[in-house]
Amino acid sequence: MADEIRTDYTEAEVTEAEVAVHWGEEDYYYPPMHFIAQANMTDETIYERFSEENFPECFKEYADLLDWDQYWHTTLDTSNPPFWKWFVGGKLNACYNCVDRHLPKYRNKAAFIFVPEPEDEPHLVLTYQELFVRVNEVAAMLQSLGLKAGDRVTIHMPMVLELPITMLACARLGVIHSVVFAGFSGKACAERAVDSGSKILITMDGYYRNGKMLDHKVKADEAVQVAAEMGSPIEKVLVWRRYPRQYQSKAPMVEGRDVFVDDLLKAHRGARVKPVSMPAEAPLFLMYTSGTTGKPKGHVHSTGGYLAYTAWTSKNIQDIHPEDVYWCMADIGWITGHSYIVYGPLAVAATSVIYEGVPTYPDAGRPWRIAEQLGVNIFHTSPTAIRMLRKADPEAPLRYNYEFKHMTTVGEPIEPDVWRWYFHVVGKERAVIVDTWWQTETGGFLCTTIPALHPMKPGSAGPALPGIYAAILDDEGNEIPPGAGKAGNIVIRNPWPSITQGIWGDPDRFINTYYAKYNKDPNSKDWRDWPYFAGDAATQAADGYFRILGRVDDVINVAGHRLGTKELESAVLTVEAVAEAAVVPRHDEVKGRVPDVYASLKPGYEPSEEIRQEIVRAIETIIGKIARPKNVYIVPDLPKTRSGKIMRRVLAAISNGHDVGDVTTLANPEVVEVIRQMVQGDE
Ligand code: WTA
């Protein structure tokens, strides 16, 4: 089914955005000399080298960062738009590139440092040699279960060392992993496992979050049950035990189905598995995102193009040198963690920190203590985490003795005021900041400053990266020139190596979602006729910097997590009493956006606190706690057009205290005032 692109949030968002254009727009901050002196990328001719006349061959520079078993013969094959193929004919193994090839030089260097949430537990350091040993053992174990290249495996694991070990073991065999964020419910995990056709689920017994050990295995049991009901059974559940302090889950092990990984591994101690040489275009992993319909989309990322792009950006935008201590405080269960905790950093021999817990646990000094203890000098996180830390203890960074050379923000727009706290207080005015705009679909950064080459501008991501030809188009496809002060849709006019290869099992949905809007000739083989529609509103200033304003479709970006309103609405509709539901984004000081639920009830039901609680519970169990609504309003009816379409725009305006505009043409205009009073009171 075609995804309908809805634009009825844009008005409110764009109005705000136009105000935002004036937020200290021309306020430039310059990278400090000590950063420039050591930076990996200082070549001012880089944009010329990546200009359109050198496209696509310019991307050879990216692929040359990797070790290839066989060199490619065609840099970009555009014969089947928009399914682009990069580095065709090339063969390589992602695990080999992230682990084996570093051994001669970095065998004894830390690949990962694991920081458990409880502060009384010791850190665990995994050298490249030890990572090699453990990945081989797990690969041997997976192989003994019959897994081979092209099979899919679902991994539902928290932030522990065993997660990247498992991912890399899959990559070593050419097995396609699909990591589902641990905060998602068993049901959400099942849906994704079923869609990908996984027969094996890999999980963990429990993990720490906010001072509590969470029972995680119970979610696997639920996932297995739901997958069976959906007609696509999960046959085996592999359960890692959290080390240190192994823990007893309430969910008993099911004979013949569940196995502890440490028991299985006993047979594979010291095993070695030859990395399987995979075509550049072979899928490396799937990553699901929320879409404009209820069904999540499984984005397919390639082995060669994806790894080349994340390696290059880790080296040149994250400025990672092997001697740095790099910490991306994000979750591996999202694309940021895949690209910038695991694959990109390891491809360039980084030392990467993995933190299990919540940034503000036990207090908002925790990240700065970790930075001080480990000597972290590159720090990467989301605006939500920054807002949360600032709110909890704005002086905390000053009490710790660490020094960052580089900091990143990702995932949401950052308000200039929050950016400044990040720069002055967290970075102590010694670090450069990159604000990186990109998406699950894009695999790696698209718009950001190059840290030693460009000044920073609070609240703006920066220009498009070399070789990324970005533009702002209006709804008709006309280009809005830089400096016009007008918002539009950001598009990328060309293919690039880490773009998603498509949606698992649904090529039509891929075309409809990302290309149908601006492609005028579906038969054209010229890539210039296929601008990639990102689904974000943005403005471009005269200096070429992009400022991202937010989603223009049915996606709500809550604390940097993408949630589909349709998914939330379907969860609400599982509550017996609910007749109709609409979910809209409300501004939130810390999380950026949060969902508000509006529901009307079936005849015979009266609004009650109980029903409201039931709605919240339905969302938590079907999707996960991250989707918990801010408010649940039980209303007499939802505002609708005469053709019966629910006017979410009107509800979004009410939630955010904006003017609802002219509603006289609605089928039920009187209900708007009733709802407005309920939400905003009499003012
Ligand atoms: C938003 C996360 C403003 C945007 C990497 C995008 C941003 C969505 C930024 C993708 C940024 C990401 N400034 N907004 N620097 N980075 N976004 O797939 O709306 O989880 O479409 O990927 O996050 O979210 P996703």
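So the values come out like this:
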| read-out | value |
| --- | --- |
| Total residues in segment 625-645, condition open to solvent by 30 Å² or more (accessible area, probe 1.4 Å), within 25 Å of Val555 (Cβ to Cβ) and in a loop (DSSP other than H, G, I, E, B) | 6 |
| Index of the failed condition, Lys391 passing every other in (1) under 22 Å from Asn489 (Cα atoms); (2) charged (D, E, K, R); (3) more than 21 Å from the chain's Cα centre (by Cα) | (1) |
| Residues being more than 17 Å from Ile341 (Cβ to Cβ) and near the ligand (Cβ under 8 Å from one of its atoms) - total across segment 429-438 | 2 |
| Matching entry among Pro367, Pro383 (being within 15 Å of the ligand (Cβ to nearest atom) and either within 30 Å of Leu214 (Cα to Cα) or outside the structural domain of Gln318 (by the TED database) (or both)) | Pro383 |
| Residue in segment 33-54 that is modelled with pLDDT of 95 or more, part of a loop (DSSP other than H, G, I, E, B) and more than 20 Å from Ile468 (Cα to Cα) present | yes |
| Residues of segment 56-88 satisfying the condition of being in a loop (DSSP other than H, G, I, E, B), touching a Gly at 6+ places or on another chain (Cβ under 7 Å) and either among the aliphatic types (A, V, I, L, M) or open to solvent by 30 Å² or more (accessible area, probe 1.4 Å) (or both) | Trp68, Tyr71, His73, Phe83 |
| Residue list for segment 281-303, filter: part of a loop (DSSP other than H, G, I, E, B) and touching a Lys or Arg at 6+ places or on another chain (Cβ under 7 Å) | Glu281, Ser290, Gly291, Thr292, Thr293, Gly294, Pro296 |
| Condition check for Ala559: open to solvent by less than 10 Å² (accessible area, probe 1.4 Å) and either within 12 Å of the ligand (Cβ to nearest atom) or within 30 Å of Gln613 (Cα to Cα) (or both) | no |
| Enumeration of residues in segment 449-479 that are among the β-branched types (Val, Ile, Thr) and not in a loop (DSSP other than H, G, I, E, B) | Ile472 |
| Odd one out for Pro603 among (1) farther than 27 Å from Phe83 by Cα; (2) of a type outside the set (Lys, Arg); (3) within 16 Å of the ligand (Cβ to nearest atom) | (3) |
| Qualifying residues in segment 418-428 (those that are within 25 Å of Ile626 (Cβ to Cβ) and within 16 Å of the ligand (Cβ to nearest atom)) - the one surrounded by the fewest Cβ atoms within 10 Å (Cβ to Cβ) | Val418 |
| Selection from segment 209-220 of residues that are at negative phi and open to solvent by less than 40 Å² (accessible area, probe 1.4 Å) | Asp215, His216, Lys217, Ala220 |
| Tally of residues being open to solvent by 30 Å² or more (accessible area, probe 1.4 Å) and within 24 Å of Thr303 (Cα to Cα) across segment 108-126 | 0 |
| Test: residue in segment 394-409 that is within 16 Å of the ligand (Cβ to nearest atom), open to solvent by 10 Å² or more (accessible area, probe 1.4 Å) and in a loop (DSSP other than H, G, I, E, B) | no |
| Breaking point among (1) open to solvent by 40 Å² or more (accessible area, probe 1.4 Å); (2) assigned by the TED database to the domain that holds Tyr340; (3) farther than 20 Å from Thr442 by Cα, for Gly477 | (1) |
| Of residues in segment 180-191 being assigned to a helix (DSSP H, G or I) and open to solvent by less than 10 Å² (accessible area, probe 1.4 Å), the one farthest from Gly505 (Cα to Cα) | Gly186 |
| Counted residues, segment 646-667 - those being among the acidic types (Asp, Glu) and either surrounded by 19 or more Cβ atoms within 10 Å (Cβ to Cβ) or within 18 Å of Lys630 (Cα to Cα) (or both) | 0 |
| Test set (1) surrounded by fewer than 21 Cβ atoms within 10 Å (Cβ to Cβ); (2) among the β-branched types (Val, Ile, Thr); (3) not assigned by the TED database to the domain that holds Ile619 - Val552 fails condition number | (1) |
| Members of segment 233-257 found to be open to solvent by less than 20 Å² (accessible area, probe 1.4 Å) and either within 27 Å of the chain's Cα centre (by Cα) or without any contact (Cβ under 8 Å) to a residue 24 or more places away in the chain (or both), listed by number | Ile234, Val237, Leu238, Val239, Trp240, Arg242 |
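The values are calculated or read from the model by the stated rules, or taken from the named source; none is laboratory data. Fair warning: this is a prediction, and the values are worked out from it, not measured in the lab. Here the Cβ is made from the backbone with ideal geometry for all residues, glycine too, and neighbour counts use every protein chain on show. Side chains included, ligands, DNA and RNA excluded: accessible areas come from the protein's heavy atoms. Shrake-Rupley method; radii C 1.70, N 1.55, O 1.52, S 1.80 Å.
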